[in-house]
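Shown next, in structure tokens, is the structure this report addresses.
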Amino acid sequence: MKNFVEELKWRGMLAQIMPGTEEFLQKQMVSAYLGTDPTADSLHIGHLCGIMMLRHLQRCGHKPYLLVGGATGMIGDPSGKSQERNLLDADTLYHNQEAIKNQVSKFLDFDGNEPNKAEMVNNYDWMKDFTFLDFAREVGKHITVNYMMAKDSVQKRLNGEARDGLSFTEFTYQLLQGYDFLYLYQRHGVQLQLGGNDQWGNMTTGTELIRRTLGSEAEAYCLTCPLITKADGKKFGKTESGNIWLDRNRTTPYAFYQFWLNVGDEEAEKYIKIFTSLERDTIEALIDEHRQDPGRRVLQRRLAEEVTVMVHSEEDLQMAIEASNILFGKATKENLQKLDEATLLDVFAGVPHFTLAKDQLGQPAVELFTRDDVKIFASKGEMRKLVQGGGVSLNKEKLAAFDQVITADDLIDGKYLLVQRGKKNYYLVTVK
């Protein structure tokens, strides 16, 4: 059985760990849980470090539990937040839970017969009938306000980092999370909690609650992974357009692949350890190869391939590579037509866009692409000269004549025309 803590250490995935945790994990199969927030029906890559911790845990012979915070998601966690979350209703939470399980099933084995098969639990199931009086008597009496006030997450909110201070609802969050650990300890034998480093305060409240409730001999541990940041120190996974999601309807496999392909060299060395299951010797060989010739981007390509296949599929990876080649390599009209609309728009997100009314079709290309509102060419003379020199393509095919009539048959996806001027200049025309 692999040493789980050693695995996390060399991958750069260990931030804090309670004394005795590593020795405890070496003695037996341990059940461990990680909580995730169900406020959306998809995880994003900011959640991936935690999910990969569970994946490594299972591969090291231990039993992973993914806890969906249905109850706590109705409240909001003050850790690292400047304001409370929106509260969700039960139907939305259930929908989000099922969507998240489908995504995590690609990382963990929920269906095997092994004793360490993954389980999914929702704290709404044990909190929904827990009355306030019961909670105050069974949980509240064990943890002092002094203990709760000392937590960094609480102090930051109280010391003016948030406009609205800290509500009582949020103040009790650490008790709710602590009770999750106690419940899972008693009902499922879970003795280890995993999480991001911003959760350390809430997690240690859980171990404290277990000891004060069940006695000092009760063994409960926690360990955290570092919060992953980009080279500029900003939050990992955020781009100008928002989060990079695991759901293909929110982030296409092409855009997902491109995110990993475009990370810097230093980030690639870090990310390939954290976000893939490649073995240490394979990763070290890739890093050596990359350092000898960084221009080939060996590390970024392997990283992008591994994560795209893990989150999506081999087929999606191939489509993403083909889509990338449309901009940067040799591609045909057939390659272009294979793209779904979302991917097409992602591929050409950075090129000039024009809009043309459908009733303008039936005119020569030279009339359509030199209009004031579709100014791809400065003049008809310029376009004529470029076409004659073989420098203009329509939908990845050379334009044979500058006065070729453009019809509805030329439209990609029934609404787009892709004009290429020279090797690198693309223009996307949407026909409405």
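So the values come out like this:
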{"read-out": "Single condition residue 249 does not satisfy, out of (1) under 26 Å from residue 96 (Cβ atoms); (2) assigned to a helix (DSSP H, G or I)", "value": "(2)"}
{"read-out": "Residue, farthest from the chain's Cα centre (by Cα), within region 262-286, restricted to residues that are open to solvent by less than 50 Å² (accessible area, probe 1.4 Å), at pLDDT 95 or above and aliphatic (A, V, I, L, M)", "value": "286"}
{"read-out": "Residue match in region 212-234 (condition: assigned to a helix (DSSP H, G or I) and charged (D, E, K, R))", "value": "yes"}
{"read-out": "All positions within region 385-415 that are crowded, with 17+ Cβ neighbours inside 10 Å and touching an Asp or Glu at 6+ places or on another chain (Cβ under 8 Å)", "value": "394, 395"}
{"read-out": "Considering residues of region 329-360 that are touching a strand residue (DSSP E or B) at 6+ places or on another chain (Cβ under 7 Å) and either in a loop (DSSP other than H, G, I, E, B) or among the charged types (D, E, K, R) (or both) only, the residue surrounded by the fewest Cβ atoms within 10 Å (Cβ to Cβ)", "value": "358"}
{"read-out": "Residue in region 340-359 that is farther than 25 Å from residue 257 by Cβ and free of Cβ contacts under 8 Å to residues at least 60 places away in the same chain present", "value": "yes"}
{"read-out": "Residues (closer than 23 Å to residue 93 by Cβ, out of contact with any Pro (no Cβ under 7 Å at 6 or more places or on another chain) and assigned to a loop (DSSP other than H, G, I, E, B)) located in region 32-69", "value": "37, 38, 39, 40, 41, 42, 43"}
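Residue-by-condition table, conditions (1) modelled with pLDDT under 95; (2) open to solvent by less than 20 Å² (accessible area, probe 1.4 Å); (3) of a type in the set (Val, Ile, Thr):
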{"site": "76", "(1), (2), (3)": "yes, yes, no"}
{"site": "81", "(1), (2), (3)": "yes, no, no"}
{"site": "85", "(1), (2), (3)": "yes, no, no"}
{"site": "88", "(1), (2), (3)": "yes, no, no"}
{"site": "96", "(1), (2), (3)": "yes, yes, no"}
{"site": "101", "(1), (2), (3)": "yes, no, no"}
{"site": "111", "(1), (2), (3)": "yes, no, no"}
{"site": "119", "(1), (2), (3)": "no, no, no"}
{"site": "122", "(1), (2), (3)": "yes, yes, no"}
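The values are calculated or read from the model by the stated rules, or taken from the named source; none is laboratory data. What you are looking at is a predicted structure, and each value in this text was computed from that prediction instead of being measured. A quick note on method: Cβ atoms are made from the backbone with ideal geometry, for glycine too, and the neighbour counts reach across all protein chains shown. Only protein heavy atoms, including side chains, enter the accessible area calculation; ligands, DNA and RNA are left aside. Shrake-Rupley method; radii C 1.70, N 1.55, O 1.52, S 1.80 Å.
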